[in-house]
Amino acid sequence: WDNADFSRGGGTTFYQEFSTLNTAKPPFVRDVEAKVRRYLRSSYSAAWTLKITWEKAPVHAARTDTRKTITYQAVLTTDGFRSYILMLYQDGGMQWDYTRLTSTNVLIGYT
């Protein structure tokens, strides 16, 4: 989530929280559960999920090229014992030109 620059008024960040411990699960949460089950081949039932979206986020050095934006999401979810994160990028992956960034060791993901 580094190198995005919202200081010049471009792009939007928003979030949506889903507390589903004792309520019906919306389709988005059911989709997240299905992804966790498929990728990890284990049972999973979400008690809480948070979706954060960075929409049309400009790269940090946006003053050089304001046309290059990216939309991506982080979805954090837990069943109260295990926690997972899904990182979702728009079709085509990261669109920023990483060769123009000050750091050349660019990674997508988390550690």
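The values are calculated or read from the model by the stated rules, or taken from the named source; none is laboratory data. Since the model is a prediction, treat every value here as computed from it, not as a measurement. Cβ placement follows ideal geometry from the backbone for every residue including glycine, while neighbour counts extend to all protein chains displayed. Ligands, DNA and RNA are excluded from the accessible area calculation, which covers all protein heavy atoms including side chains. Shrake-Rupley method; radii C 1.70, N 1.55, O 1.52, S 1.80 Å.
What do you reckon, is D5 open to solvent by less than 90 Å² (accessible area, probe 1.4 Å) and at pLDDT below 90?
For D5, the condition - open to solvent by less than 90 Å² (accessible area, probe 1.4 Å) and at pLDDT below 90 - is met.
Residues that are surrounded by 12 or more Cβ atoms within 10 Å (Cβ to Cβ) and at pLDDT 95 or above: which strands (runs of 3 or more DSSP E) entirely in the stretch 10-81 hold 3 or more of them?
Numbers: elements: 12-19, 48-58, 69-78.
Once the strands (runs of 3 or more DSSP E) in the stretch 10-81 are filtered for at least 3 residues that are surrounded by 12 or more Cβ atoms within 10 Å (Cβ to Cβ) and at pLDDT 95 or above, what remains is 48-58, 69-78.
Quickly run through the stretch 37-59 and pick out the residues that are under 26 Å from A4 (Cβ atoms) and touching an Asp or Glu at 6+ places or on another chain (Cβ under 9 Å).
Answer for the stretch 37-59, where residues must be under 26 Å from A4 (Cβ atoms) and touching an Asp or Glu at 6+ places or on another chain (Cβ under 9 Å): W48, T49, L50, K51, A57, P58, V59.
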